[in-house]
1. What's the carbon and sulfur percent of the chain's accessible surface, probe 1.4 angstrom, rounded to a whole number?
2. With only Lys, Arg, Asp and Glu charged, each at its Cβ (+1 for the first two, -1 for the last two), find how big the charge dipole of the chain is about the Cα centre; round to the nearest 20 debye.
3. Beyond 26 Å, what share of the Cα-Cα pairs of the chain remains, rounded to the nearest whole percent?
4. Highest mean first, how do 38-47, 118-127 rank when packing is the count of other Cβ atoms within 10 Å averaged over residues?
5. Taking +1 at the Cβ of each Lys and Arg and -1 at the Cβ of each Asp and Glu, which of ALA118, LEU133, ASN40 sits farthest along the dipole of the chain towards its positive end, judged by Cα position relative to the Cα centre?
6. Given contacts defined as C-alpha pairs under 8 Å and at least six residues apart, what's the relative contact order of the chain, whole-number percent?
Amino acid sequence: MTPEEYEEKRRRLEADAVDAKKAYIRAKSVYDGICEEMRNLRIDWNEQQRNQTESEAKGELTVSSQAAQVLERAIRALGGTWDTRRSVTALRDTGLGDGELRAQEKSARQALRDLKAAGVIVKVDPNSATYRLVTEE
């Protein structure tokens, strides 16, 4: 190996080392950011679970699905009786009614069942899936 070859190889290795160090620093920064996000997620989850447990202990009912939450707002705003067809229409109008009609109906029925389980609505007729707000007569 000549002195020129040595110098060329040394410069190339030094440049590679600088690039590798920069890549390492960037990767470490990304890793630290992910660890911080995971930590915050754990904290948020634990807080949410604690709040939900406190709400349930106070007797407050919680509705978990987005469709049920949207449907609850519609039922409270519009009142009256609610069946699967009306629920599908309300969910579709709020942007939650994508897909096949059968899938929309299934989602609407589940949301109605969730609201019934949460004590928000009651069945009008035991032989049909028609509901009304608990406070309505």
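The values are calculated or read from the model by the stated rules, or taken from the named source; none is laboratory data. Treat the numbers as computed from the prediction; the structure is a model and nothing was measured. With ideal geometry, Cβ positions are generated from the backbone for all residues, glycine too; neighbour counts draw on all protein chains shown. Surface accessibility is based on the protein's heavy atoms, side chains included, excluding ligands, DNA and RNA. Shrake-Rupley method; radii C 1.70, N 1.55, O 1.52, S 1.80 Å.
1. Percent of accessible area from carbon and sulfur atoms in the chain: 52.
2. 400
3. Roughly 54 percent, rounded to a whole number.
4. The densest-packed peptide leads the list: 118-127, 38-47.
5. The residue sitting farthest along the positive end of the dipole is LEU133.
6. The value is 21 percent.
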